[in-house]
Each structure stands twice: as C-alpha cells, then as structure tokens.
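Okay, so here's the structure we're looking at.
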Amino acid sequence: MKKRIPGAILLLLILAAALTVWMSRFDYAFQDREAIMAPSTAQHWAGTDEVGRDRMVRVAAALLIGLTGATAAAAITTAIAALFGLLAAFSPPWMAKILMFVSDVFLSLPWLFLLMMARSLLPLTASPMETAVTTFLVLAALGWPACSRAVYGGAVQLRNAGWMIHGQACGLKTRQLIRIHLLPQLRPLLLPQFLICVPAFIVAEANLGALGLGVGEPLPSWGAMLLELDNSALLAGSHWVFLPIALLVVVLLILESFTTEVEINA
Amino acid sequence: MHSQLRASFVFAGAMALTTIFALCQAAPRQPGELAWAIHYDPKTFDPAKVDDEASEMVRYLTGGVLLRINRQTQTLEPQLAESFHISLQGTSIDFKLRDGLRFSDGTALTSVDVAWSLRRVLAPATQSIVAAEFLSPTQVTVDTPDNLTVRVHLPKPVIGVGNIFDEIAIEPANRPSEGRVTSGPFIVTDYKRGQYVRLSRNPNYWRREASRDKLPYATGVRLDVLNNREQEIALFLRGEYDLIDGPSADHFAMLSQKSPHSTRDLGASLNTEQIWFNQSSAAALPEFERAWFLNRGFRVAVSEAIHRADLARIAYDGHATPAFGFISPANKVWHDNELTYPHESAADANRMLSASGFHRSGNQLYDSAGHPVKFSILTNAGNPSRQKMAALIQQDLAALGMQVTIVTLDFPALIERLMKKQDYEACLLGLSNAEPDPSSMMNMWLSSSPNHQWNPSEKTPATEWEAEIDRLMQLQASSPLQRDRKAAVDRVQQIVADQQPFIYLVYPNVLQAISPQLRGVQAAILSPGPVWNVESIRREEGAR
C-alpha cells in the first residue's frame, strides 16, 4: 500500500508531462519573442524562460527525457554489473581477482571528471538528441562497478549453495543454472541496485547540465534549467524558475521511497 | 550510488551555507576608503610588465604618467609633464616636467627617473607589451638635456604616439618597487592573494584641486579579488562596494529596481559581439564545409537572417545596440555613417543561398553536392547574454534550414580550439576595444596576424579583399593626414560589411552601478570607466 501512493504520483506526473508535451500548441524549442520571462498566462501556464520558451512544456519534456534516460541507463548499468559480477563469480579465482581489480579501479576513478571528459570528447556537431543519448550511455558505462561488487559477493554465496551443487550433479550446465536458478535468486539484490541508479543518474545528468556538459540546447534538461537558479536577477523576476528544482526534488523523493521500500522488503 | 545521492544533497546544503557565509564576508572598510571588486589577482605589480586587466587597474591607480587620456573628451592632458611638444616630422617628442615633483617616499622626481622608466619599458628584456606600440622600440632613444626636460627620438613617426605615454608609469630610477613607491595617486600597501589589494593615498601626489585641496580625496582603495557577480552585487547593495563596472543586463535590471539612483546606461560601448566562420586552410574541417564558410553568399545570408533587434532586446534586456560594423557609433570620429550593409530579410537570405548553390528540401538546407548544412557555434560558458544570443541565432538560422548546435566551453578550452587547434566551425565571442583609434585594431585586421580570427597567420592574403584591408590598415597607420586615415578606415568598414568575415551582432551598452555616496564620478565609456578620475572621487558617509 505504501508503495502504491508514490507510484501513483509518479505515474500521474509522467502522464501529465506526456500530455503537456503532446497537447501543447508550443514546441519545447519554440521561442515566443514577444513573451520573454512572461508570468503565468492562459497561453503559458508556467510562464516562459529567458528566450520566450514555454516553461511548462520544457519542464515536462525534461522530466520525460530525464526519467527515460536515467531508467534506460540504470537498466544497462545493472545488466553490465550482473554480467561482470557473475563472470567473476564463475571464473577461476585468479581471473575473479583480475576482474574485481578492474572493477575497483573503475570505482576509484573520479567519475564526475571522467563524465566531463567523456562528454567533452563528443564531436561539436552532435545533435541535441545524440548528446542526450551519449550522456546517459556514459553514465551507464561508468555506474556499474559498485553494483558488480555486490553481485559478485551474492553470486559467490549462491554458487556454493547446496541447490547449486545439486543442480550441477543433475547435469545442468552453468549457463542454464545461472539463467533458471541464479538470476531469480539475485533479483532482490539487482532490483535495489537498479532503483538506486535511477535517481543517481538523474542527479548526475543535472550536475553535468549545470556544468554545460549535459544535454545540448534546445533539448530541455534538468541541468540546463537548474542553471537559471544561479542568477539572482531571474529568481527575482519569476517564481516559476523554481518549478524544475521543485519537480526534481519530488521525483527524487518518490524514487528514493521505492528504494527504501525494496531494501526493507529484501 | 545511494550514498552518493545523499552526499549530493549534503554537498548542496554545505555549498548553500558556505555561500551564505561568504556573502557576509568582506574585508572591513577603512575610513574614507573606496572599495570595489576586480575579478582576478593581478599577475604583476610591476607597471612595465602589465598585460592583464587586473594589473592594468592597479597600474592606473598607482602609476604617475607623463600624459593622460581624458576618458570623457578622449584628448591628451599633461600630468607629470607640464607640457609636451611633438616635432613636425613626428620623430621627436619633448616633455617639460612640472617643478617640485616627488615620489611617494619623498624623493625628488626628475628627468633621470623618467628616462630610466621609458628605457626600461623599451628594453627587450622587460618584455613590456607597451613597447610594441612604438613600432621599433629598440631604435627609440631618450635624452635628458636638463633635470626637467626629457626628449624622446623615434626612428619613424608613430600615429597617436602621445597615447602610449598614458600606459607608462614613472618609477624611481634603479629602484623598481612594484607599486610601493609611486608618482601616481595611490601606493600598494597590502596584498593578500585571492583576497584583496589595498592601496593607500600617496602623500606627495602632485595634483591639487582648484580649491587647493590635496588629491586624492579618498584615503585609499580596496580592490577585492572576487569572480562572482552574484556576490559582488549583494555586497554592492549592502554598501560594501562603491561601484560595479559592467554588470550583466539581467543584474542591471535588478539593480535598477533595488537602487534606481545608482545605475547608469551610458549607451553603446566601443565593444562588439560577433560571430564568424572558420575559413582557415589549417582547420580540420571537411572541404565541403570550408567551402560554405568561404562562400560570401553563405555568410551574407546568415547575416541577413539574424534578428539583431531581438538579440539586443532579449539577450541584453534592451541594453545593447544592433551592430553592422566593427566601429561602434559611440566612436564618433571613426564610425562610418554612410556604411551600407546587408539588411535583415529572410527572403533575401533565401534568395542569396539559392544563388550560391544551396537548396531546401523540407526543413533542411543542402549544398550543391547534397550535404545537409549543419554546423556548431562555440561560445564561452558563464556569459548568459552570449548563450541567449546563440539560442536566438539557432532559431533564426533554423528558418533558413540550417541545423545549428550550440557548444559552450570554458574559456581556456575555447581559446585552445580557436588559437591552437583551429578545431571549430563557427564562434560567437566579443571584442573589447580599449581605444577608439583603429590603429589599436591592427592585430585583428592584418591577414598575417595570429589574431586575424577567421583565418589566422596567413602567409599571403587568401583573398583580394583581405589584401586590400592589409593595404588600407597599413595606410591608416602611417598616414600623417587624418583625412586620409579616415578614408582608409571607412573603406575597410565597407569591405567588412560587404564580405562579412565577422558578422557583427550588437554593441553592448556601457552599464555601471555607482553608489549614491560617491561624489565626483564622471561618466566615461573608456577603460577604467567610472574610476578614470579616481583622485577626484570621494565617499560621503551617510549620503544615500
């Protein structure tokens, strides 16, 4: 029951965002140059930004892009972590050591600087959508090591379980054992990892965007919109500039509540 | 990751607390002291080696000079020199010093000190950037016929030679002190790296007010090293700072609301904001793309498609003037009032592109070989007006079918791409013009110069019009007749308007915020802006 309320709120937010983007007469990139930093009006419910773009449409699009990108990146990073952890667990000890050493090296790298470096290597002409995809792919590629350590630990325990030895004695191949028995057993471990990654990636994208290295203009993103908060003149001009950060906090709190719930159940 | 998320919130909270704490911090003001912010630490206090804005400010406030450019009338005024005379041939200048001049430590200032200071600036070992303005600095000689006379001999005439002496501070001979012993209004008394530079009044400053009051009025100046506009504005509004030179348009509007009597918009500055395409043969660009940028029709069409009035209104909140040439209308002597330039017209832009071999298919523009027209515009991070202009231009060019991506880079990364790697397609940046005389822009217009941005360091001019600009700029730099100089500069302005190597966007207005407690401030658009007559500025406690 507890899980259903935040879930319903999130679903409602996503539906509202999708409807706003779909139904609005304004494209997220359209500049209404006669309505710069407009207050809330019948045309622009949440006013407009500094170049006259509809704030409601942009916030809605940023929510959809952020959630979709972060969810996809979390799924990829969890899959990589599962693959890496399992590979190490079922390899000879020397190979497991090497694989975990590689994972530790990744873990010890300053990931924010790596993200910045990887993002800045993109060609200058990369389209806004390409920058969005690359940003989340880079997040996925750098987010797996901590998770893979946890998977490795869990898989090693399960590898030595009695039912595993029984399965091997019955002639099941390692691949079959992993697919049919081990992965379902690891689900309580992988699901929280996945759920933790989603808000973490949303925050990481916002950080990159605030540094000017996230999703390219004119595609809306949390990070680019949070940049407005750095300007006291804008803050004094309209209260609607707080909408992106308010929505971000709500989304993060909902996602955090999922994680907490799953951790308690696990 | 979970802990990283929490850490992010903790970090954000800590940052907010730090910011609030920092906002409450400013070195305590001493009685009668003026205070404002400089954005970086001065690289040097040696007035002969100045090559950055912060050091230049310190030199201006501490260095006594023979001649000073009046920033309001833009004419030369004698300072340490009582009078000066330039020979008819322009190869000799005589300075007559004032009687009884003293350095801040009480020692006498004579022609020996002046000659020593000039020779030091001219010496190659000093590596002074001012020396290059004499064209052949090693051949310049300085004589001292008597204690009050200095004679400078030039190998050939230099246009506007008097202005150079505005940048040469006179120091005690053989005792360079890095601003501790000066002949200007203030001396350097304290410096804490990353925090502040404190200057105090020179007790032996030569100048007095008509009422015989000793100048400077202020007991000192505190220059806080602060590269945070938000903080600077908060401190100004709290009365901790006396002025802000060049607040952003957003902040200017806010300051106008909160402190209406403190803000001043002095109209168009001498500075320009422009966009240009990379035409360098050394650039790592595909040949077809370089061919677009070399195509005059392409550049003119881009210029015609840009709504400059929107740039001024939206990106600068109305505090900018649409620009069509490299000399601002604020530069009344050199601006060409008869200039003809491509006017804003989407229809003309489309016709120009068709005539240049481009064609539309749906919302996309293609060149004659079928390549879609896509390029990126680089600009620097941390300049909201430029980023807004880039977003507006992106939409203006989308109307022509051009796909533009905007890339913001921090300044060092941007300069690396522009100057070293030549790895960019188009760039949106501004140019600060400290001086109205076009001779100061030589390094930008000569095709052999590394600062000839669209095609740097050309061995020979790549086009006939660039060769003509070279010839005309050399002519204006060497012609003794103002009429000939003006004709040459007007022609350069017309060539640039026709060829659009730089597509000029706006002239940002000169914006200033001055505390109502300051008296004696005289508005000026030339650097150092409101403090150009710092010795006559005083702070009246209690006046608001």
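The values are calculated or read from the model by the stated rules, or taken from the named source; none is laboratory data. Computed from a prediction, not measured in an experiment: that's the story for all the values here. No Cβ is skipped: glycine too gets one built from the backbone with ideal geometry, and neighbour counts run over all protein chains shown.
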How many residues are more than 11 Å from the chain's Cα centre (by Cα) and small (Gly, Ala, Ser) when one looks only at the range A:53-98? 11
Across the range A:223-252, what is the number of residues that are at pLDDT 85 or above and more than 11 Å from chain B (Cβ to nearest Cβ)? 12
Check whether at least one residue in the range B:147-163 is more than 20 Å from residue B:51 (Cβ to Cβ) and without any contact (Cβ under 8 Å) to a residue 24 or more places away in the chain, and report yes or no. no
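A quick yes/no check of all residues on (1) without any contact (Cβ under 8 Å) to a residue 40 or more places away in the chain; (2) within 14 Å of chain A (Cβ to nearest Cβ); (3) touching a helix residue (DSSP H, G or I) at 6+ places or on another chain (Cβ under 8 Å):
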| position | (1), (2), (3) |
| --- | --- |
| B:363 | yes, yes, yes |
| B:369 | no, no, yes |
| B:372 | yes, yes, no |
| B:380 | no, yes, yes |
| B:403 | yes, yes, no |
| B:413 | yes, yes, yes |
| B:418 | no, yes, no |
| B:422 | no, yes, no |
| B:436 | no, no, no |
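Every residue, every condition in (1) closer than 17 Å to residue B:536 by Cβ; (2) part of a loop (DSSP other than H, G, I, E, B), yes or no:
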| position | (1), (2) |
| --- | --- |
| B:174 | no, yes |
| B:179 | no, yes |
| B:184 | yes, yes |
| B:187 | no, no |
| B:200 | no, no |
| B:203 | no, yes |
| B:211 | yes, yes |
| B:223 | no, no |
| B:227 | no, yes |
Only unsatisfied item for residue B:259, checking (1) more than 19 Å from residue B:320 (Cα to Cα); (2) crowded, with 20+ Cβ neighbours inside 10 Å; (3) not assigned by TED's automatic domain parsing to the domain that holds residue B:197; (4) not acidic (Asp, Glu), is (2)
Report yes if some residue within the range A:189-199 is within 12 Å of chain B (Cβ to nearest Cβ) and either of a type in the set (Lys, Arg) or within 27 Å of residue A:55 (Cα to Cα) (or both); otherwise report no. yes
Could you say whether any residue in the range B:479-488 is at pLDDT below 95, of a type in the set (Gly, Ala, Ser) and in the same structural domain as residue B:295 (by TED's automatic domain parsing)? yes
In this structure, is residue A:220 at pLDDT 85 or above, under 30 Å from residue A:257 (Cα atoms), outside any helix (DSSP H, G or I) and within 14 Å of chain B (Cβ to nearest Cβ)? yes
When residue B:344 is run through (1) at pLDDT 95 or above; (2) within 24 Å of residue B:391 (Cα to Cα), the failure sits at (1)
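Out of the residues in the range B:73-103 that are among the aliphatic types (A, V, I, L, M) and assigned to a strand (DSSP E or B), state the one that is nearest to residue B:209 (Cα to Cα).
Among those that are among the aliphatic types (A, V, I, L, M) and assigned to a strand (DSSP E or B), it is B:81.
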List the number of the failed condition for residue B:405; all other conditions in (1) out of contact with any Gly (no Cβ under 7 Å at 6 or more places or on another chain); (2) surrounded by 17 or more Cβ atoms within 10 Å (Cβ to Cβ) hold. (1)
Selection from the range B:224-245 of residues that are farther than 20 Å from residue B:522 by Cα, away from every other protein chain (no Cβ under 13 Å) and in contact with a strand residue (DSSP E or B) (Cβ under 9 Å, 6 or more places away or on another chain): B:224, B:225, B:226, B:227, B:240
Can you name the number of the only condition in (1) surrounded by fewer than 23 Cβ atoms within 10 Å (Cβ to Cβ); (2) not in a helix (DSSP H, G or I) that residue A:235 fails? (2)
Would you pick out the residues in the range B:199-238 that are among the small types (Gly, Ala, Ser) and either closer than 22 Å to residue B:170 by Cβ or not assigned by TED's automatic domain parsing to the domain that holds residue B:99 (or both)? B:200, B:218, B:220
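Take the conditions under 30 Å from residue B:400 (Cβ atoms), within 11 Å of chain A (Cβ to nearest Cβ), surrounded by 19 or more Cβ atoms within 10 Å (Cβ to Cβ) and at pLDDT 95 or above and apply them to residue B:310. Does it pass?
yes
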Taking residue A:77 as the residue in question, decide whether it is in contact with a Cys (Cβ under 8 Å, 6 or more places away or on another chain), within 14 Å of chain B (Cβ to nearest Cβ) and among the hydroxyl-bearing types (Ser, Thr, Tyr). yes
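Given the options A:141, A:42, name the one that is outside any helix (DSSP H, G or I) and more than 11 Å from every other protein chain (Cβ to nearest Cβ).
Going through A:141, A:42 in turn, the sole match is A:42.
Considering the range B:419-428 alone, what residues qualify as being surrounded by fewer than 20 Cβ atoms within 10 Å (Cβ to Cβ) and hydrophobic (A, V, I, L, M, F, W, C)?
B:419
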More than 30 Å from residue A:51 (Cα to Cα) and within 14 Å of chain B (Cβ to nearest Cβ): is that true of residue A:169 in this structure? no
What number of residues in the range B:260-285 are more than 16 Å from the chain's Cα centre (by Cα), part of a loop (DSSP other than H, G, I, E, B) and away from chain A (no Cβ under 13 Å)? 7
Go over the candidates A:168, A:193 one by one and state the one that is modelled with pLDDT of 85 or more and of a type outside the set (A, V, I, L, M, F, W, C). A:193
Consider the range B:104-127. How many of its residues are surrounded by fewer than 16 Cβ atoms within 10 Å (Cβ to Cβ) and either outside any helix (DSSP H, G or I) or outside the structural domain of residue B:159 (by TED's automatic domain parsing) (or both)? 6
If you take the residues of the range B:416-431 that are outside any strand (DSSP E or B) and at pLDDT 85 or above, which of them is nearest to the chain's Cα centre (by Cα)? B:418
Please work out if residue B:494 is surrounded by 21 or more Cβ atoms within 10 Å (Cβ to Cβ) and assigned to a helix (DSSP H, G or I). no
On the basis of being touching a strand residue (DSSP E or B) at 6+ places or on another chain (Cβ under 8 Å), touching a residue at least 60 places away in the same chain (Cβ under 8 Å) and over 20 Å from residue B:327 (Cα atoms), does residue B:496 make the cut? no
Answer yes or no: is there a residue in the range B:51-72 that is of a type in the set (D, E, K, R) and over 25 Å from the mean Cα position of the chain (by Cα). no
Please count how many residues of the range A:165-175 are within 34 Å of the chain's Cα centre (by Cα) and either among the hydrophobic types (A, V, I, L, M, F, W, C) or surrounded by 14 or more Cβ atoms within 10 Å (Cβ to Cβ) (or both). 1
